[in-house]
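Report on one structure; see the data block that follows.
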Amino acid sequence: MTQAKHPARKSMPDSPATPAPRSAPPLTWTIERQFDFAAALAITCNVEQAAAAVGMTRQSAYALRKDPEKGEYFQMLWEMGTSKNP
């Protein structure tokens, strides 16, 4: 006697299901990233381009700059990056 296969079984793969890829952890403004942002800002004079150069967004750069607890060092780097002194 032959058994009929369930119609839903046809679409199921023979191999075990692979888990969905995990999304990457959110990037953070590390000290290195902040320094690289300031260097890129000095070169480009453009916050959006400098943030993109370090894999961050313009919005996150402005948010960090305004953060009274985390943004003090970043503000200093930002000012250095936009300074016109030779």
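The values are calculated or read from the model by the stated rules, or taken from the named source; none is laboratory data. Here the structure is a predicted model, which means the values were calculated and not measured. As a convention, Cβ positions derive from the backbone with ideal geometry for all residues, glycine included, and neighbour counts pool all protein chains shown.
What number of residues in the range 56-71 are touching a residue at least 40 places away in the same chain (Cβ under 8 Å) and part of a helix (DSSP H, G or I)? Steps first, please.
Going through the range 56-71, the residues touching a residue at least 40 places away in the same chain (Cβ under 8 Å) turn out to be 70.
So of that shortlist, the ones also part of a helix (DSSP H, G or I) come out as none.
Total satisfying the criteria: 0.
How many residues does the range 61-86 contain that are aromatic (Phe, Trp, Tyr) and either touching a Lys or Arg at 6+ places or on another chain (Cβ under 8 Å) or farther than 18 Å from LEU27 by Cβ (or both)? Before the answer, list the steps.
Initially, the range 61-86 is screened for residues aromatic (Phe, Trp, Tyr), giving 62, 73-74, 78.
Subsequent filtering for residues that are either touching a Lys or Arg at 6+ places or on another chain (Cβ under 8 Å) or farther than 18 Å from LEU27 by Cβ (or both) retains 74, 78.
Here the count works out to 2.
Spot the failing condition for CYS45; the list is (1) at negative phi; (2) modelled with pLDDT under 95, and only one is missed.
Every listed condition holds for CYS45 apart from (1).
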